[in-house]
1. Of everything in segment 203-229 that's assigned to a loop (DSSP other than H, G, I, E, B), surrounded by 14 or more Cβ atoms within 10 Å (Cβ to Cβ) and within 23 Å of the chain's Cα centre (by Cα), which residue is modelled with the lowest pLDDT?
2. Go through (1) part of a loop (DSSP other than H, G, I, E, B); (2) under 30 Å from residue 354 (Cα atoms) for residue 22 and report which single condition fails.
3. Can you give me the number of residues within segment 348-400 that are free of Cβ contacts under 8 Å to residues at least 24 places away in the same chain and assigned to a loop (DSSP other than H, G, I, E, B)?
4. Is it true that some residue in segment 264-275 is touching a helix residue (DSSP H, G or I) at 6+ places or on another chain (Cβ under 7 Å), touching a residue at least 40 places away in the same chain (Cβ under 8 Å), surrounded by fewer than 24 Cβ atoms within 10 Å (Cβ to Cβ) and not assigned by TED's automatic domain parsing to the domain that holds residue 155?
5. Pull up segment 148-175, narrow it to residues that are part of a loop (DSSP other than H, G, I, E, B) and over 16 Å from the mean Cα position of the chain (by Cα), then point me to the one that is farthest from residue 377 (Cα to Cα).
6. Would you tally the residues in segment 286-319 being assigned to a loop (DSSP other than H, G, I, E, B), closer than 18 Å to residue 19 by Cα and more than 17 Å from the chain's Cα centre (by Cα)?
7. State which residue is surrounded by the most Cβ atoms within 10 Å (Cβ to Cβ) when the search covers only segment 391-428 and only residues that are out of contact with any helix residue (DSSP H, G or I) (no Cβ under 9 Å at 6 or more places or on another chain) and closer than 24 Å to residue 278 by Cβ.
8. Only one of these conditions is not met by residue 88: (1) assigned to a helix (DSSP H, G or I); (2) outside the structural domain of residue 225 (by TED's automatic domain parsing). Which number is it?
């Protein structure tokens, strides 16, 4: 029984859905043999750069950025103070605003756009429509659209990955198909259909939608299935974001070295996006960056997989959890087969958050910064508190000799800008009510 591989104290807290910080004792061990080569990060960066003019043509929203898919890194001193870190020191908090990424409105734009562009380039090169060093604007030509219409691009998703893949594939002229699970939001399905994407609905959870979509795509000629659980192209699309974050930190006057550690807190579903970002950051900063995933108490799939210490897949269902959470983008029962072995070497740890805490985090983000995100995007907000105020977190920082007075904390916000206004308002109403009940209502001065 897989549950027997988990330490009893960890298993007890997981099964009772008690929030916890789990520390990865295997961090720093060698990456598994045959791990994806780091050069693929540079290749992904180069692809997104050469395709930027194409993206600016396809999406008017990207004209101002020249077609580059990037988000702001916003200083968060008020959030820091609101959450109890009022003591003057040289530490700094930032919110990474992937919730406001243009076009797709979430972190999934990074990996999703990259994979679809890679598919389009390969087809165009194979069909002699594009030269190796040719102008990628040809991919928006009538000839390219006629070519791409003969191919389908499919994905299984609870929503945000489906939005990024569907929007990008449809814009290029592919037959775009998104297989969605029962817990996917209706507004996401409607938005996809409005972009000309075919939405196929499945009973069951994320894993069942992925399995059904994969099987259907494999049965069709000229069909490419974007596999969030196994895709190198998605993974390195996310990893490519690390270099821009490094530039943003430099511009903000923040060093990352032995005396000035970097902590990054990333919401985790199946693991592709946070895993890719972690892989990219570790390639740049090595031991000076400490990445932590945030998972719902009902769906801690990466924690369960890594804490079990086994290579065989382990699901949250194996330990009696129901995988039901308001953080629909994080409602995943089993971690990525590609990412989990890599994170066993690189991830510092995982902390879990219950649904009420997600909405209290929403309240804090809105009160301190005016940020309006979806619940899953707020999962990482309490990361600094786990590291600085819990016994396990303090033990971690002491073990690694980290000076938290000079630390930089980056809370990665992953989605929300495309959420309809009425849904955002409902989120905030629930968040405000919970904050009042808990006596934790904040008001920015």
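The values are calculated or read from the model by the stated rules, or taken from the named source; none is laboratory data. Remember, predicted model here, so these are calculated numbers, not experimental data. Ideal geometry is used to build each Cβ from the backbone, glycine not excepted, and the neighbour counts take in all protein chains shown.
1. Restricting to residues being assigned to a loop (DSSP other than H, G, I, E, B), surrounded by 14 or more Cβ atoms within 10 Å (Cβ to Cβ) and within 23 Å of the chain's Cα centre (by Cα), the top hit is 205.
2. (1)
3. Residues in segment 348-400 being free of Cβ contacts under 8 Å to residues at least 24 places away in the same chain and assigned to a loop (DSSP other than H, G, I, E, B): 1 in total.
4. Checked against the condition, which is being touching a helix residue (DSSP H, G or I) at 6+ places or on another chain (Cβ under 7 Å), touching a residue at least 40 places away in the same chain (Cβ under 8 Å), surrounded by fewer than 24 Cβ atoms within 10 Å (Cβ to Cβ) and not assigned by TED's automatic domain parsing to the domain that holds residue 155, segment 264-275 yields no hits at all.
5. Step one: filter segment 148-175 for residues part of a loop (DSSP other than H, G, I, E, B), giving 149-151, 158-159, 173-174.
Subset that is over 16 Å from the mean Cα position of the chain (by Cα): 149-151, 173-174.
Working: 149: 34, 150: 36, 151: 33, 173: 30, 174: 29 Å.
The selected residue is 150.
6. Going through segment 286-319 one residue at a time, the tally reaches 2.
7. 406
8. With (1) assigned to a helix (DSSP H, G or I); (2) outside the structural domain of residue 225 (by TED's automatic domain parsing) applied to residue 88, the lone miss is (1).
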